[in-house]
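Any read-out appearing in this document is the output of simple, stated calculations on the displayed coordinates, not a laboratory observation. Just so you know, these numbers come straight off a predicted model, no measurement behind them. Positions of Cβ are generated from backbone atoms using ideal geometry, with glycine treated the same way; all protein chains shown enter the neighbour counts.
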Amino acid sequence: MSRDPDGRWFVTFAVDVEAPVAPESTGQVVGVDLGLTDFAVLSTGERIPHPKHMERRERRLKRYQRMMARRQKGSANRAKAKRKVARAYSRVRDARRDFLHQQSTTLVRRFDAIAVEDLAVANMVRNRSLARSISRTGWAEFRTLLTYKAHRDGRTLAVVDRWYPSSKTCSACGHLLATLSLGTRHRRCPGCGTRHDRDVNAAQNIAVAAGLVETKNACGADVRHEGSPSVRSAVNQEPQPARVGIPRV
Ligand SMILES: [Zn+2]
């Protein structure tokens, strides 16, 4: 503690700030299938549901927005309604942000390498109903958080080309179905007989396509197509995640 000529006291602190330690390698890899029914399905078979109470918060926000629209412009009631909308909006935003932070942190902590599908969110936003779901679930923000945290913690984030038929391909043998209706949640592979949950199979294929998991198809050939994906470490690379090219089938 010291005192300056004006008689003011100054306190000096010396603080040791530890450099953030990158988490230990876990030896685990994961493919992540982002969806609408669940927020995400992992290649481990785990399902991550959407954040709780989200729909209730959103309904409340919409109600306040409608209320505001009915109030006369410039009126005190309108101003009051506007404040309610702002508050309800921050609740939705904060809850979603907390959820995305939690999920991205958990993934980066648990897995050395994480593979996700490139969703080309910008393109999908043209479809209005899908656009609403995407902005609501925050996939783009989730990707940003994953990229940042993987980079920070020395984990690998691989992005698989969006045209990869992750649902139609068997993750066990590589057999590719000609068609698969959106409603089919479970199926048995005609190639090897494995029973698949649609989303878990897709998540497993994403991990395979990113080169994180090796599987062989019936002919003994690598499931990965030519132009084998090069998964680059997020460390010592530009923040841009690795891009994996799978030819359109
Ligand atoms: Zn199969």
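A few comments on the model shown:
- Rounded FRET efficiency, nearest 0.05, which uses the C-beta distance separating THR12 from ALA76 and R0 of 45 Å: 0.30
- Value of D in µm² per second that Stokes-Einstein yields for region 38-123, Kirkwood Rh from Cα pairs, at 20 °C (1.002 mPa s): 137 µm²/s
- Prolate/oblate/rounded call for region 18-84, Cα gyration tensor, a/c under 1.5 rounded: oblate
- Highest average packing first - 51-58, 168-175, Cβ atoms within 10 Å: 168-175, 51-58
- Chymotrypsin sites (Phe, Trp or Tyr not before Pro) lying in DSSP loop within region 2-101, provided at most 13 other Cβ fall within 10 Å: PHE13
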